[in-house]
Each structure stands twice: as structure tokens, then as C-alpha cells.
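See structure below.
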Amino acid sequence: MNKKFALLLITTGILGGCEQFNQESSSQPNQVSQTSSSIESLTPEEEQEQAAEAEQQAMLDTLPAVSTDDWNLNLVNNWTKIDESVEIPLKELPEGYPVDERIFLVDERIIPDYVAMIDAGKEAGHEILAVSTYRSVELQTTNYNSRIQQYLDEGKSQEEAVKLTEDYIAIPGGSEHHTGLAIDVMDTEWVNTGKGLIAEFDTQESQQWLVEHAAEYGFVLRFPEGKKEATGIEYESWHFRYVGKENAAYMKEHDLALEEYIALLEEAGK
Ligand SMILES: [Zn+2]
């Protein structure tokens, strides 16, 4: 229990002078702020603020024992470029897991959990395939430039073309695919529709199964709906990212994007 909470409980216990209440309040911390507010006459805003503070503190107190320096928390986004001096142990995904015969590289440390997840999906009736994995900064540069060109060819202005491109394509050096920890997926049925990587992939049961179970294998949906402010990237129903089981469970429970989670870890000095 954090100090603030403990103090609140003690204060309430003394002021309330009621053992019965005291007992209840210690098992139902939510009531503490209500009761103390009626005593201290907090405004609804203050009450809300207090509740938010308590919630924030509770989140800090329950963070897993991890560090933002951990390899599986490597944060790369449009504001944080990949540190290319750190070598990534790349290895090819085993046969049968990628969509075709090309070489699909990932950080070898994520392969056992990835394979276990895909195998579990198969058991549940979903044929999930990796369609994009590790990407070098050079390849990202090519993708980025060719997408801008595509928009320019459609008659968009340079500014519009860059904006539209950056909604989905990270700037070179800023793609999570540089880490070897990100995997874009589809399922066999979706591949056959030829629709590609679009948000509507989330109408597939395989995608829904992944969202539900990925954390059990250390993966999270990296760019969820409604998190663009934190991630800088629009909703991507197909992009999963390895963070390890502990981190994934916490992020899922508290509905945190990786940026939000790392900010919380930093606040806790981890
Ligand atoms: Zn991706």
C-alpha cells in the first residue's frame, strides 16, 4: 500500500471513529475518497483529481520489476530513432510461419513465443501468417519514398503526400520494424482476398483471437484504435509487437500504448 493511501485510511478511521467503517474502507479503497471528501468538503473536481492521483499511484506501485533498458522494451517511433549501434540477433522465422518463401527475419529471442502463439491460434482454428517482419533502415527509406511518390503521382501536393504517408509509414529510422520485435500478420483467408494491410482486417476472427490472446505470449497490438496521440501512428489492426509476457499483461490490463507504458516506467524510475 502506498503512503498516501495509508494516510487517507488512517485519517478516515480516526475522523470516522467507527470500526465497522474502518474495516470496510480498508477492503474497499474506492470509498475512502468519497467519505473523506464529505468530511473535508472536496469539490467534485478535487475529488476526481484525488481519485486519479490514487489510481496513478496504484499503477506505479504495481508495475512489473523491469527496466526501460530491457531489450524487449526498445522504443522506436517517429520521435525516437533506432540506435543502430546496438546489434540485434536476427534469425529467420521457421518455415510455415511466414506468408511465402522469402526470408523473414526477427529478433531470435521472440521466436519461441511467436511460434507458440501462432500454434495456439492454429489450434483455435486460425491460420495466421507473418507478412512483414524486420526491415532495415535502407528498406524503410525505399518504402517511404515510394509511397510519397505514389501520392504525388495521384496529384497530391508534396505536403499532403508526406502527411498521408506518415499516417501509416514510419519515417526511416523510426519504424518499429527496425527492432526485429514487430510482426505484421494476416490470415490465409485474408491473404486470399488480396485486401492487404487495412484496418478491416479486424473483422477477421483470427485478428480478434490475437488481440485477446497475444499478451499471453508477450505480444501487444502496437497501434490500437484511439491511441494515435501517444503512438503517432493510425490504428493498425495487423501490427503486433513483442514486449515480453509481464509487460504485455500490464499494458493490456491498463490499456496502455508502449509510449504510455514507458512513460509510466520512467516516472517510477525504472
Ligand atoms: Zn508493421
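Every number here is computed from the coordinates shown, using simple stated rules; none is lab data. From a predicted model like this one, the values you see are computed outputs, not experimental measurements. Note that each Cβ is placed from the backbone with ideal geometry, even for glycine, and that neighbours are counted across all protein chains shown.
Observations on the structure shown:
- Helix-only [θ]222 nm of the chain, DSSP H runs n ≥ 4, -39500 (n - 2.57) each, per residue, nearest 500: -15000 deg cm²/dmol
- Dipole magnitude for the chain: about 340 debye, using +1 per Lys or Arg Cβ and -1 per Asp or Glu Cβ, origin at the Cα centre.
- On the principal axes of its alpha carbon atoms, the stretch 215-261 extends 25, 20, 12 Å, with the longest extent given first.
- Among Ser136, Ala199, Ala170 the positive-end extreme of the charge dipole of the stretch 135-206 (Cβ point charges): Ser136
- The ratio of the alpha-carbon radius of gyration of the stretch 92-136 to the globular-protein estimate 2.2 N^0.38 Å is 1.11.
- Take the Cα radius of gyration of the stretch 114-195 and divide it by 2.2 N^0.38 Å, N being the number of residues; the result is 1.35.
- With coordinates expressed along the principal axes, the C-alpha atoms belonging to the stretch 34-175 extend over 68, 47, 38 Å, beginning with the largest.
- Computed on the stretch 163-204, the Cα convex hull volume stands at 92 Å³ per residue.
- Computed over the stretch 141-270, the convex hull of the alpha-carbon atoms projects to a mean area of 9.2 nm².
- Shown in residue order for the stretch 129-139 are the 3J(HN,Hα) couplings computed by the Karplus curve 6.51 cos²θ - 1.76 cosθ + 1.60 at θ = phi - 60°: 10, 7, 10, 7, 10, 4, 9, 6, 4, 4, 5 Hz (x for Gly and Pro).
- Kirkwood hydrodynamic radius (C-alpha pairs) into Stokes-Einstein, the chain, 10 °C and 1.306 mPa s, D in µm²/s: 75
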